[in-house]
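J.: I am attaching a structure below and will ask some questions about it afterwards.
The values are calculated or read from the model by the stated rules, or taken from the named source; none is laboratory data. Everything numeric in this text was worked out from a predicted model, so none of it was measured. Backbone-built Cβ (ideal geometry, glycine too); neighbour counts: all protein chains shown. Surface accessibility is based on the protein's heavy atoms, side chains included, excluding ligands, DNA and RNA. Shrake-Rupley method; radii C 1.70, N 1.55, O 1.52, S 1.80 Å.
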Amino acid sequence: MKIASLKNGRDGTLVLVSRDLRHAVDATHIEPTLQAALDDWARCEPALEKIYAELNAGLATGAFDFDERDCAAPLPRAYQWADGSAYVNHVELVRKARGAEMPASFWTDPLMYQGASDEMLGGHDDIVAGSEDWGIDFEGEVAVITGDVPMGTDAIAARGHIRLLMLVNDVSLRGLIPGELAKGFGFFQSKPASAFSPVAVTPDELGSAWRDAKVHLPLLSSLNGRPFGKPDAGVDMTFDFGQLIAHIARTRNLAAGSIVGSGTVSNRQGTGHGSRIDEGGVGYSCIAEVRMIETIRDGKPATPFMRFGDRVRIEMRDAGGSSVFGAIEQSVRRAGG
């Protein structure tokens with residue numbers, strides 16, 4: 001299934017979206033919101049699947065033209081947003097750029113932070129920042145939404161608790177991160193509201209691209225209309241989504257509607273120093289990684305972070321070239337402007 005939340009109130013209005021993203025149909029007679037459906041998934045899923053099949057067959061009553069710009073995040077607010085760093089290549093580059101060794105445990109024990117989840121941005125909402133000096137960056141990621149996950153669930157069993165997948169722009173304010181991490185208590189101000197793809201999909205929608213609890217498709221990003229990255233989300237993902245969920249559930253239960261992110265999608269390339277798309281590589285999913293490569297190679301970064309008016313687009317297309325989740329497409333705007 002493909003599911004979205006149209007902007008309406010704090011939690012949106014539940015709709016089903018056709019596979020080609022052209023049409024949608026109201027599903028509020030099943031449940032008013034996606035969170036409500038997740039809370040009673042065993043009952044709701046068959047009913048939603050029936051309507052989804054009718055929609056794709058052109059038989060759904062009340063179907064209307066779908067416009068991604070009308071969408072909130074699939075979960076406009078969530079009980080939990082936990083973001084991992086499953087692409088350890090990305091972490092290794094961060095540390096190498098500042099001359100630090102990476103602990104061997106990073107390859108066996110996932111990094112994870114718990115982000116604010118009271119406001120999730122729709123895929124076409126602006127990125128709002130107070131200053132360009134904050135170091136505004138995008139981070140292209142994949143995320144899953146879980147059902148209820150009991151404490152102590154192992155990595156294989158955790159895969160069965162994945163209900164939906166989405167794309168994420170986990171916006172980062174790079175200029176604020178060092179000061180926060182120096183306090184030894186993690187991110188907060190440096191991680192503003194994240195944006196999510198207009199549509200969330202059930203794993204079966206991905207067909208063979210969903211295997212081993214990973215999405216084996218390129219994550220496409222562009223900055224101001226120029227291709228920026230196309231790394232494959234299924235390559236170099238050290239920890240799959242089952243492992244990430246199990247890591248969180250080691251000491252707690254997870255509530256239905258918990259969102260778990262992959263961290264910045266990153267592929268090792270050549271010597272491991274990466275390569276831009278215009279150099280024949282797969283590029284990057286955030287500006288910081290380019291700057292790391294420049295620092296390692298040239299001694300200092302050259303690529304600037306985002307400025308007011310810049311536009312970022314993040315999308316994933318299937319083997320036939322069709323958009324899977326719709327696109328995250330955001331402009332950067334000054335707060336109060």
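J.: Name the residues whose placed amide hydrogens come within less than 5 Å of the amide hydrogen of GLY135, ignoring near sequence neighbours (fewer than 5 apart) on the same chain.
T.: Under 5 Å from the amide H of GLY135: GLY175.
J.: Grab the beta carbon distance between PHE188 and LEU59, set R0 = 56 Å, and tell me the FRET efficiency rounded to 0.05.
T.: 0.70
J.: Between rounded, prolate and oblate, where does the stretch 61-135 land on the alpha carbon gyration tensor, with a ≥ b ≥ c its root eigenvalues, rounded for a/c under 1.5, else prolate if a/b exceeds b/c?
T.: Prolate, since a/c reaches 1.5 and a/b exceeds b/c.
J.: Ok, one more. Between ARG311 and ALA116, with labels modelled 7 Å along Cα→Cβ, what's the label distance in nm to one decimal, could you check?
T.: Using points 7 Å along Cα→Cβ, the separation is 2.8 nm.
J.: SER194's amide H: which non-local residues (gap 5+, or another chain) put their own amide H closer than 5 Å, with H modeled 1.01 Å from N in plane and none for Pro or chain starts?
T.: So SER194 has HN proximity to LEU121.
J.: Sticking with this structure for a sec: Based on DSSP H runs of at least 4 residues, each adding -39500 (n - 2.57), what is the mean residue ellipticity at 222 nm of the chain after dividing by all its residues, to the nearest 500 deg cm²/dmol?
T.: The helix-only estimate for the chain comes to -5500 deg cm²/dmol at 222 nm.
J.: May I ask you to derive the FRET efficiency for ILE277 and ALA319 from their Cβ-Cβ distance with R0 = 25 Å, giving the value to the nearest 0.05?
T.: Here the calculated transfer efficiency is 0.80.
J.: What FRET efficiency, computed as 1/(1 + (r/R0)^6) with R0 = 22 Å and r the Cβ-Cβ distance, is obtained for ASP154 and ASP232, rounded to the nearest 0.05?
T.: Taking R0 as 22 Å, the efficiency between ASP154 and ASP232 is 0.25.
J.: Between the stretch 128-167 and the stretch 178-233, what is the C-alpha centre distance in whole Å?
T.: So the two Cα centres are separated by 8 Å.
J.: Under the Karplus relation 6.51 cos²θ - 1.76 cosθ + 1.60, θ = phi - 60°, what is the ordered set of whole-Hz ³J(HN,Hα) values for the stretch 106-120, x standing for Gly and Pro?
T.: So the J values, rounded to whole Hz, are 5, 7, 10, 10, x, 7, 7, 10, 9, x, 6, 10, 7, 9, 10.
J.: Give me Rg/Rg_expected for the stretch 21-96, where Rg uses Cα atoms only and Rg_expected = 2.2 N^0.38 Å with N residues.
T.: The reported ratio for this selection is 1.56.
J.: While we're on this one: Which percent of the accessible heavy-atom area of the stretch 1-128 goes to carbon and sulfur, probe 1.4 angstrom?
T.: 48
J.: What list of ³J(HN,Hα) values in whole Hz, one per residue of the stretch 227-237 in order, does the Karplus curve 6.51 cos²θ - 1.76 cosθ + 1.60 (θ = phi - 60°) give from phi, with Gly and Pro shown as x?
T.: Working through the residues one at a time gives x, 10, x, 8, x, 7, 5, x, 9, 6, 8 Hz.
J.: Oh, and also: Could you state the accessible area per residue of the stretch 88-145 in Å², with a 1.4 Å probe and every protein chain left in place?
T.: 45
J.: Additional query: Regarding the stretch 1-158, what is the average projected area of its C-alpha convex hull, in nm²?
T.: Orientation-averaged projected area of the Cα hull: 12.5 nm².
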